[in-house]
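The values are calculated or read from the model by the stated rules, or taken from the named source; none is laboratory data. Note that the structure is predicted; figures quoted are calculated from it, not measured. Here the Cβ positions follow ideal geometry from the backbone for every residue, glycine too, while neighbour counts run over all protein chains shown. These area figures cover heavy atoms from the full protein model, side chains too; ligands, DNA and RNA do not enter into them. Shrake-Rupley method; radii C 1.70, N 1.55, O 1.52, S 1.80 Å.
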Amino acid sequence: MTMIFGIPLQAFLGQLLIGLINGSFYALLSLGLAIIFGLLRVINFAHGAQYMLGAFIAWLLLSYLGIGYWPALVLAPLLVGLIGAAIERTMLRQLYSLDPLYGLLFTFGLALTVEGTFRYIYGASGQPYATPALLAGGANLGFMFLPIYRGWVIVFSLIVCLGTWLVIEKTKLGSYLRAATENPVLVQSFGINVPFLLTLTYGLGAALAALAGVLAAPIYQVSPLMGSNIIIVVFAVVVVGGMGSIMGAIVTGYLLGVAEGLTKVFYPEASNIVIFVIMAIVLLLRPAGLFGRDA
Amino acid sequence: DASDGKVKIGILNDQSGVYADFGGKSSYEAALMAVEDFGGKVLGVPVEVVTADHQNKPDIASNIARQWYDTEQVDSIMELTTSSVALAVQAISKEKKKIDIVTGAATTELTGKQCSPYGFHWAYDTHSLAVGTGGALVKQGGDSWFFLTADYAFGYSLEENTGNYVKENGGTVVGAVRHPLASTDFSSFLLQAQSSGAKVIGLANAGLDTSNAIKQAAEFGIVQGGQRLAALLFTLAEVHGLGLEAAQGLTLTEGFYWNRDEESAKFGKRFMERTGKMPNMVHAGTYSAVLQYLKAIEKAGTDETEAVAKELHALPVDDVFAKNGTVAPNGRMVHDMYLLEVKKPDESKEPWDYFKVLATIPGKEAFMDPAQSGCELVKS
Amino acid sequence: MTLTLDLAKRKERSPFIVQTVFLGVGLACLLLAPLFFYPVFLMKLLCFALFACAFNLLLGYTGLLSFGHAAFFGGAAYFTAHAVKEWGVPPELGILVGVFGAALLGAVIGFFAIRRQGIYFAMITLALAQMFYFFCLQSGFTRGEDGIQSVPRGHLLGVIDLLQPTNMYYFVLTVFVIGIAIIWRIINSPFGMVLKSIRENETRAVSLGYSVRNYKLAAFVMSAALTGLAGGLKALVFQFATLTDVSWQMSGEVILMTLLGGIGTLIGPIFGAGLVVTLQNYLATSEFPVTIITGVVFMVCVLLFRRGIVGEFYNSRLGRKLGFEHRHKH
Amino acid sequence: MKPLLKVAGLNAWYGESHVLHGVDMTVGEGEMVTLLGRNGVGKTTTLRAIMGIVRERKGEISFAGEDLMRVPLHRVARRGLGYVPEERGIFSTLSVYENLVLPPALAKGGMTIDEIFELFPNLHERRNSTGTKLSGGEQQMLAIARILRTGVRMMLLDEPTEGLAPVIVQRIGEVLKKLKERGMTVLLVEQNFRFASKVADRFYLMDHGRVAGEFPVSELSGRMEMLHDVLGV
Amino acid sequence: MAVATPLVNEAPRVVLSARGLRRDFGGFTAVKDVDLDVHHARVHALIGPNGAGKTTVFNLLTKFLQPTHGTITLLGEDITKTAPDKVARMGLVRSFQISAVFPHLTVLDNVRVALQRPNRLATQFWKPLSALDALNGKAEELIRSVGLEKEVNAVAADLSYGRKRVLEIATTLALEPKVLLLDEPMAGMGHEDVGMVAEIIREVARERAVLMVEHNLSVVATLCHHVTVLQRGEILAEGDYATVSEDPRVRTAYMGTEETS
Ligand SMILES: Nc1ncnc2c1ncn2[C@@H]1O[C@H](COP(=O)(O)OP(=O)(O)OP(=O)(O)O)[C@@H](O)[C@H]1O
Ligand SMILES: Nc1ncnc2c1ncn2[C@@H]1O[C@H](COP(=O)(O)OP(=O)(O)OP(=O)(O)O)[C@@H](O)[C@H]1O
Ligand SMILES: [Mg+2]
Ligand SMILES: [Mg+2]
């Protein structure tokens, strides 16, 4: 058997693939975070809660209305997006003119509230959500057994990430959005309805988080805590990628997913801090992040 | 007789955090049931139960415990989920000469180096879980093990204890992998466990970590592949959250199962009516602890701590939770534990009908020999 | 043109008498408080108040939002607990061990964090503090989930028995007052002035020849050390050190306290801490889950009372009449 | 000449500080009017209040016969007003080209990109670089160029020559004249008196948040004395 | 054109010099092989079309940007690799093209922050604020010299643009720099201020070297001893104003056809 760094090549490939799957979640989440940050200058601490909300809505739809995975994949992000938009309209909006730290604190409070509420109603141990029948089972790739659902996660998240990136970097809408972050009043004086754009953006970011949540539901336990566990890691991903860089967020998401996956093989104890260590190194060498523009 | 015209019991646990399902508000309900079953009065004075949510913060717990003891005439505190809280409150109880009965926390320290003459450990501990799952499972043929261990003291001690019992019973431990606390993805670790070829994959972790690992094991077809999953700290409440589809075939140890016999089923149904869920060992244990405490007061004829503690040590425990339970000098309540297997969805006949009892582990085997515990109260 | 500059006007504005009266009343309240309130609760309150004030030194006066201050608070608690319990050092030395440990930790975390500004800074401190959390979780000396328990309070200077609640209370109060005095001195010093100017316009400060990084790092370490003072004290008060105090939720809580009391006001955080601690204690025995309340308070505060209790007071008509003027960018 | 912009009794505030105390002015269709005044008298504030950026305001503003007081900011541009701010407002996350095409063309008659590049060759050369990497002067050009595309009827220009090299100032003067020939109306705030005198038809002199005087370009030489007193020219 | 006789008290000597200075941004070269000598007691103007690289040269000299090539010497010391704050402490202080003040501090405090730096007061966190009162006399003098005496206690953010610029100059002077780099100090200023600032600059240049970027050619003509014209990052012409302004290349590239003074 071919060996690589002392472990069989097959196992190595398997772990690489698994890292990529994890990376998909990091990428989706950091993408949404980067969009919201890039355009609203708000660190969306509620991103984890919105991710959780996506998964929970999928579960609620299934258990109370019998609505399955596929419709949920559309409905949950839509709902969370609308909720996000409403929050932006009524509350978050008032904070743009202030120091960005207030946005951070507000969304932090929001996250506590949402998670607290779900924990209060549904408890902490989580809810079951089955893999959709169409994607159940697995495929033997020769070097590993790949659950089909996980393959789907990789493919689908890649499509979503690239699609979002295209919209923001390559369309007129995207350039409005980017300009509006810097000087909303001026952009508005050009005749563009900036308040609406910002609402849209926050809604979009929240919807992306929720989408990741629905994708995660069949893999991870649907629990009120699922968001707060992952969000800090995603923050680190965004710092490494360079905040405000959409492509940076995506690529770094996948890269760090893989880095973490490989650490789980070679030195599992460090797998939870490897991302933070990478972050520290990147900060030393490239303070603006791997893809960030100089501040 | 009772010192201040009433007997007051405090149920102090996590009601809004990670362990809220484990015990939570339902433990309070269990305590109320015990008081009602006892008749609501002891030595002619009313029994009152108060409760507080320590939010998993030892400082809040310690504050409340002190205030309860000092200004609110609380006579004893029970439940005490989370080991840091349990140890902190036990230390205060010892200092204030008050009784505490822990049902929610797992650490053997409570009846080990940090034991108290007035402190009792009632429902389970890491040792009994290890013996139950490790020892008993080997006898059932699961003789080679691979551990998925949460990377902190609790995980290590579960792994070590269990591993010892596996080896003692003639099994082997082929490997272990340590994962960080609160990992979301276990597939890397599961793949390593899978390729180890071990017959049993022991999950030396707790809470969401265990749930996620089990769920993902199902996804990777590990149980279908012939390996067995054994969770070292997992209860009915969490199996309910996971669903039978994902949890089927899982082996675990609990000190109580509601569908064990007629009496327990009756208790379970009553509990269900009040809380909406079936009791796990923490709930039933709390019920038993309160009941036993009241019995001890009655026997002692006073609620004075020394006397009650003496009776608690002396009286046998015989209720729906424990049959022929005894209390060791270090405060450990010794009773039978059960090795349970989660049913397949089609085997389950009614809601909450989740477990098959694979084996009963006699209390003497399940719990540590007090002489080995390191508790200085044990005269050897 | 012979206009004399009206420099005196500036002094007039600082309400010296009013401040002295307030200070006196405040101190008297603290001295008499144990007669009315539960001492451990008061001591806890003082620890958190000091923690919040130390945090505010960084946020309110240097403009750096650290989301990782729990590392210094909880870390110092562990250091002090370990020193007192395992090495058997006297309490005053134990607290110093906590302070130095926290300062050291502050230097390491600060070294990385000050490379970025604004929200990046917040996220980096959060991430690094999280690393420290994992370190505490896994390393042996902290005893994992159990925490370091039964920490002896010992005898202050070898004579005063701190197990005696009254003794302990006045010890805590003394340390608290010293801590606040240090913070006050730092803020109202030439050095504090430089910190303010860095908060206002960093590039300009550089061009004036200030090595901004060193100043920021110095402020960071000072804040960490003072936070350590609070943490070490807390370990002695409760006689244990556990993981709760290093978790990121604790970092969030201290921000809440500061925000609630008034960012950039010297005494605001004291009130904020008082409110949060009281609330948590009160909610523990109520039906309502604490996280939800905390979250809602956060949101309401950010949306409606950004200046916090004390800040709002300073800006109210009465506050202005009394001569408080509070300028801070919001 | 038909009045296009009419401002009467305009007051404006920044928080508690009252900056404009009743500004009255009219600008006719196709006219080029310059607002003069010392630093801090409220010239910029006047433009911002007209545009609707400063919203704490009272008084009357009508544009092409329509009341602007109630129109939300993003609709003002559609009525045909364009604003070039003093601080230029170039976007750092956008390339020069993106900056240029950012404001949507809201009416016909705007310049094409090619015409603009011809006018400002620097911009053509740096079109792919980041907006704020431009030099100060290049940014000023970009800010003006950006509005020229949109086909507005009237431009509010705040100190467009500040920080520009004399050649460029000259070029901008020519551009303004060209625009005027096309019928563009301009309200200009300017410190560069020499420049203003070359392009403007009429002057308003501001002092303490009010209009303190008004005269056409033909009376300029007769007023030099007074201007010298007020402005120190 | 009236060229004022330069006021020279001391013999000119080079205090700041750059050799072969170059800076690339990606593929774009903003500054190319620039040699520059700034003399003590002289006002040196750096002019040129927009985008010529003047501000970039400033950024390079003050080390806010790292040059791609070339060396910089300040008072005989090589500062090519020195950090910007260190450079400032060595006596090279700049102002910014976009005004830079501390917005929420008062005018007085703005000046005192600058004054306290060389006084070792800056790091003294154990001293009361009143320690700074020792600086009031100096601050007062500076504030009055730029005509801000009415606004001493005003918060900088409330000043108009022009006044902010004046304040910035005052803080810059507070450091008693040996070399002063002023980026368009008169931009956005009313005429009365232009005259005053010109006077200030003339005054300070008696004992210092001044390098300034300025588009106001009448100021350049009356104030500056030496003019360097930059175009596309390269030096196009050098000399006194009269010489430079006659240069046809400079006229087409920068001044235009208009008579300017
Ligand atoms: N955002 C603001 N908040 C408070 N006061 C302001 C603000 N902007 C301007 N001011 C004040 O309003 C007054 C008018 O300012 P404005 O900018 O309109 O003057 P200006 O005539 O354009 O001056 P300049 O020639 O310097 O640009 C000034 O006294 C200024 O200090
Ligand atoms: N950080 C940067 N990245 C890329 N290009 C830059 C950067 N800074 C400046 N430039 C470019 O370098 C050139 C010179 O800019 P600089 O600001 O030095 O011009 P300037 O001579 O000061 O012009 P002005 O008189 O208009 O202020 C410009 O074309 C500008 O676009
Ligand atoms: Mg202006
Ligand atoms: Mg420039």
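The table below gives the values:
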| read-out | value |
| --- | --- |
| Unit charges at the beta carbon, dipole of chain C: most positive-side option, C:ALA122, C:THR20, C:ILE198 | C:ILE198 |
| Heavy-atom SASA rank of B:ASP346, E:ASP78, B:ASP143 (probe 1.4 Å, accessible area, largest first) | B:ASP346, E:ASP78, B:ASP143 |
| Sequence of E:ASP133, E:ASP35 from largest to smallest accessible area, 1.4 Å probe | E:ASP35, E:ASP133 |
| Hz values of 3J(HN,Hα) by residue in segment D:182-196 - Karplus curve (6.51, -1.76, 1.60), Gly and Pro given as x | 7, x, 6, 9, 9, 10, 10, 9, 8, 9, 6, 5, 4, 5, 4 |
| Residues A:LEU98 and D:LYS177, FRET efficiency given R0 of 41 Å [Cβ-Cβ distance, rounded to 0.05] | 0.40 |
| Segment C:37-247: mean projected area of Cα convex hull, nm² | 11.3 |
| Positive-end residue of B:PHE147, B:ALA105, B:SER157, charge dipole of segment B:81-186 with Cβ unit charges | B:ALA105 |
| Whole-number Å³ per residue for the convex hull built on Cα positions in segment E:100-175 | 81 |
| B:VAL174 paired with E:ALA157, simple spin-label distance in nm, labels 7 Å along Cα-to-beta-carbon | 6.8 |
| Segment E:100-175, relative contact order [Cα under 8 Å, separation at least 6], % | 54 |
| Inter-chain shielding of E:116-128 (mean C-beta neighbours from other protein chains, 10 Å cut-off) | 6 |
| A:LEU65/B:GLU263 FRET efficiency (R0 35 Å; Cβ-Cβ; nearest 0.05) | 0.35 |
| Square roots of five times the Cα gyration tensor eigenvalues for segment E:108-255, Å | 35, 17, 12 |
| Burial order of peptide ranges B:144-151, A:131-138 (average beta-carbon count within 10 Å, highest first) | B:144-151, A:131-138 |
| For B:LYS277, solvent-accessible area (1.4 Å; no DNA, RNA or ligand), Å² | 40 |
| Placed amide H near E:LEU230: partners under 5 Å, 5+ positions off or other chain | E:ILE47, E:GLY48, E:LEU236 |
| Integer Hz, Karplus 6.51/-1.76/1.60 couplings in order for segment B:80-86, x for Gly and Pro | 6, 5, 6, 5, 4, 5, 4 |
| Cβ charges +1 (Lys, Arg) and -1 (Asp, Glu), total dipole of chain C, debye | 1220 |
| DSSP-assigned coil residues among GluC sites (Glu not before Pro) in segment D:152-220, each with at most 13 further Cβ atoms within 10 Å | none |
| Where Rh is the Kirkwood radius over Cα pairs, Rg/Rh for segment B:175-325 | 1.11 |
| The protein assembly as shown: calculated mean residue ellipticity at 222 nm from DSSP helix runs of at least 4, using -39500 (n - 2.57) | -15500 deg cm²/dmol |
| Approximate spin-label separation D:VAL101-D:TRP13, in nm, with each point projected 7 Å along Cα-to-Cβ | 4.4 |
| Close Lys-Lys pairs in segment E:5-141, where close means Cα under 20 Å and separation is 8 or more or interchain | 7 |
| Other protein chain Cβ atoms within 10 Å, averaged over every residue that makes up A:177-187 | 6 |
| B:SER195-B:THR302 FRET efficiency (beta carbon distance; Förster radius 56 Å; 0.05 resolution) | 0.35 |
| Mean separation of Cα contacts under 8 Å, 6 or more apart, over the residue count of segment C:37-247: relative contact order % | 46 |
| Per-residue mean of C-beta atoms belonging to partner chains within 10 Å, peptide A:214-227 | 4 |
| Heavy atoms of A:MET144 accessible to a 1.4 Å probe, total area in Å² rounded to 10 | 10 |
| Under-5 Å amide H pairs with D:GLY82, H placed in peptide plane, nonlocal only | D:MET154, D:MET155, D:LEU156 |
| Projected area, mean over directions - chain B, Cα convex hull, nm² | 16.9 |
| Length gained when the stretch B:SER348-B:ASP4 is fully extended (0.36 nm per residue, less Cα-Cα span) | 118.9 nm |
| Protein accessible surface hidden between A and D, which excludes ligands and nucleic acids, total in Å², probe 1.4 Å | 1800 |
| For segment B:1-36 versus segment D:170-227, the gap between their alpha-carbon centres in whole angstrom | 83 |
| DSSP beta bridge pairing in the protein assembly as shown, given as percent antiparallel to the nearest 5 | 50 |
| D:ARG182 - accessible surface, heavy atoms, 1.4 Å probe, Å² rounded to 10 | 130 |
| Principal axis box of the protein assembly as shown, alpha-carbon based, largest edge first, Å | 115, 73, 64 |
| Theoretical gain in end-to-end length, E:ASP33 to E:GLU141 [0.36 nm per residue, Cα-Cα removed] | 34.8 nm |
| Computed Kirkwood radius, in angstrom, where 1/r is averaged over Cα pairs of chain E | 19.0 |
| For peptides B:193-200, A:206-213, A:106-113, C:73-80, sequence by mean Cβ density within 10 Å, most packed first | C:73-80, A:206-213, A:106-113, B:193-200 |
| Loop chymotrypsin sites (Phe, Trp or Tyr not before Pro), segment D:56-105 (other Cβ atoms within 10 Å of the site Cβ: 12 or fewer; DSSP) | none |
| Mean Cα-pair separation over length for chain B, i.e. relative contact order, pairs under 8 Å, 6 or more apart, % | 18 |
| Degrees, to the nearest 10: B:58-71 long Cα axis against longest axis of chain B | 20 |
| Extended-chain gain in nm, criterion 0.36 nm per residue less alpha-carbon gap, B:GLU72 and B:GLU160 | 27.5 nm |
| Modelled label reach - D:ASN128, point 7 Å along Cα→Cβ, segment E:21-39 residues with backbone N closer than 18 Å | E:24-30 |
| Unit charges at the beta carbon, dipole of segment C:37-247: most positive-side option, C:ALA230, C:GLN164, C:LEU57 | C:LEU57 |
| Candidate residues B:LYS6, E:LYS81, B:LYS344: accessible-area rank, largest first, probe 1.4 Å | E:LYS81, B:LYS344, B:LYS6 |
| Hull shadow area, averaged, segment A:1-130 [alpha-carbon convex hull, nm²] | 11.4 |
| Only Lys, Arg (+1) and Asp, Glu (-1) charged, at Cβ; segment E:100-175 dipole about Cα centre in debye | 200 |
| Cα-centre dipole for the protein assembly as shown with unit charges at Cβ (Lys and Arg positive, Asp and Glu negative), debye to 20 | 2400 |
| Total accessible surface hidden between E and D, rounded to 100 Å², 1.4 Å probe | 2100 |
| For A:GLY138, residues with placed amide H under 5 Å, excluding near neighbours | A:ILE148 |
| Residues of type aspartates and glutamates that C:LYS216 reaches as a straight line, Cα spacing below 16 Å, ignoring anything fewer than 8 places off in the same chain | C:GLU200, C:GLU202, E:ASP85 |
| Proportion of all alpha-carbon pairs of chain D beyond 27 Å (%) | 32 |
| Antiparallel bridge percentage (DSSP; both residues within chain E; nearest 5) | 55 |
| Low-density loop positions, GluC sites (Glu not before Pro), segment E:150-231 - DSSP coil, at most 14 other Cβ in 10 Å | E:GLU207 |
| Isolated Cys in the protein assembly as shown, by beta carbon distance under 4.7 Å | A:CYS161, C:CYS29, C:CYS47, C:CYS53, C:CYS136, C:CYS301, E:CYS224 |
| For segment B:137-142, Karplus couplings with θ = phi - 60° (6.51, -1.76, 1.60), whole Hz, Gly/Pro x | 5, 4, 4, 7, x, x |
